[in-house]
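Engineer: If you scroll down you'll find the structure; I have some questions about it.
Read-outs throughout are calculated quantities, based only on the coordinates presented, and are distinct from any laboratory measurement. Values in this document were obtained by computation on a predicted structure and should not be read as measured data. Here Cβ is always computed from backbone atoms with ideal geometry, including for glycine, and neighbour counts include all displayed protein chains.
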Number of protein chains: 2
Amino acid sequence: MSVSFNKRDPIYLQVIQHLKRLIVSGKLRPGEEMPSRRQLANDFKINPNTVQRAYSEMEEQRLIYTEPNRPSHITEDPAVLNQLKNEWLNKAMATFVSAIEPLDISLDELVPLLEEKLQKRK
Amino acid sequence: MSVSFNKRDPIYLQVIQHLKRLIVSGKLRPGEEMPSRRQLANDFKINPNTVQRAYSEMEEQRLIYTEPNRPSHITEDPAVLNQLKNEWLNKAMATFVSAIEPLDISLDELVPLLEEKLQKRK
DNA sequence: AGATGTGTATTACTCACTTAGTACACCTCT
DNA sequence: AGAGGTGTACTAAGTGAGTAATACACATCT
């Protein structure tokens, strides 16, 4: 895994964002075992407590579950996974709509520009 | 002006964002006089030094200009204003495209959803 | 039994940001 | 001339989120 953290946002939030993205995209599958706190911290060159904080929040959100003294696993609950995807999409759209709102531009003008940006991704 | 600051991001950045939005939307016009540091601080119930920091950064970006001992003014340089609008739009699109990328969804499916969100704004 | 690997808890430190207080030079209006 | 309004600069202190160091309990594997 290769990740680059920006210096402004808290690392633990960026870790959560990174992991959510992997779940949403399907690269982390339901029931799959998560890397241990220490392992991920080592990979990312950050403090294990920072990973712990990220995992804790994700556990509160039911995105992962943990049995005592065992590695954490991705949830298998479809409701939780669907909610994650829905929230991900809705937040993306809400942020976008709010950002372009002050601009004097229509959706029709926007679509070709978006299409171009999307193409460049592939 | 009514603004609500979130507690996570630095206030001075939120002030900049707020003012940029006003410029982009045309509610602050080129050449228009800005409220004084002390005035804006009073309006927002924040410290004048925080406003000063926001203004300083905006001056570095040439978005405002200040003659000695006079109130600051919005730039009248079309190049600077166009750059602001272009960056605003590009950043919005880049963020959106990046957020959407892990989702398995096409632009065709997206457009109606965006249209709905845009309608609700008005 | 011992070593190593889990998750978890507690405590302390760090640093960016914010606030506060003061001061100074200059302009404008009364 | 005087009062009050600009922008600017500097120092000091406070605040709180984020991060780091350390230790503990338990499981697994050799």
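Engineer: Treating the Cα atoms of the range A:40-95 as identical point scatterers in vacuum, please give the log10 of the normalised Debye intensity I(q)/I(0) at q = 0.14, 0.17, 0.27, 0.30 Å⁻¹, two decimals.
Structural biologist: Values returned for q = 0.14, 0.17, 0.27, 0.30 Å⁻¹ are -0.50, -0.69, -1.04, -1.10.
Engineer: Next question, about the same structure. Say a label goes 7 Å from Cα toward Cβ at B:Thr66 in every copy; what distances in nm does this one have to the rest, shortest first?
Structural biologist: In nanometres, ordered from closest: 4.8.
Engineer: Kirkwood hydrodynamic radius (Cα pairs, Å) of the range B:1-52?
Structural biologist: Its Kirkwood hydrodynamic radius stands at 11.6 Å.
Engineer: Using a label point 7 Å beyond Cα on the Cα-Cβ vector, give me the inter-copy distances for B:Glu87 in nanometres, one decimal, shortest first.
Structural biologist: Those label-point separations list as 3.2 nm.
Engineer: I'd like the distance between the alpha-carbon centres of the range B:55-75 and the range B:101-117, rounded to an integer number of Å.
Structural biologist: Each part reduced to its Cα centre gives a spacing of 40 Å.
Engineer: Please identify every one of the GluC sites (Glu not before Pro) in the range B:36-111 that sits in a loop by DSSP and has no more than 14 other beta carbons within 10 Å of its own beta carbon.
Structural biologist: For GluC sites (Glu not before Pro) across the range B:36-111 that sit outside H, G, I, E and B with at most 14 neighbouring Cβ atoms in 10 Å, the list reads B:Glu76.
Engineer: Long-range amide H contacts for A:Ile64: which residues qualify at under 5 Å (H placed 1.01 Å from N, peptide plane, sequence gap of 5 or more or a different chain)?
Structural biologist: It is A:Glu59, A:Thr75, by chain and number.
Engineer: Find the all-direction average of the projected area of the Cα convex hull for the protein assembly as shown, expressing the result in square nanometres with one decimal place.
Structural biologist: Here the figure is 16.1 nm², rounded to one decimal.
Engineer: What residue among B:Ser106, B:Ser98, B:Ser36 shows peak mean-square fluctuation when chain B is described by a Gaussian network model with Cα springs under 10 Å?
Structural biologist: Looking only at B:Ser106, B:Ser98, B:Ser36, the largest GNM fluctuation is found for B:Ser106.
Engineer: Enter the mean number of other protein chain beta carbons within 10 Å of the beta carbon of each residue in B:85-98, as an integer.
Structural biologist: Average neighbour count from other chains, rounded to a whole number: 5.
Engineer: Could you work out the Kirkwood radius for the range B:77-122, taking every pair of different alpha carbons, averaging 1/r and inverting it, reported in Å?
Structural biologist: By the Kirkwood definition, the hydrodynamic radius is 12.5 Å.
Engineer: A further question on this structure: Please list, short to long, the whole-number percent of alpha-carbon pairs of the range A:3-122 in consecutive 10 angstrom bins beginning at zero.
Structural biologist: 11, 35, 29, 18, 6, 0
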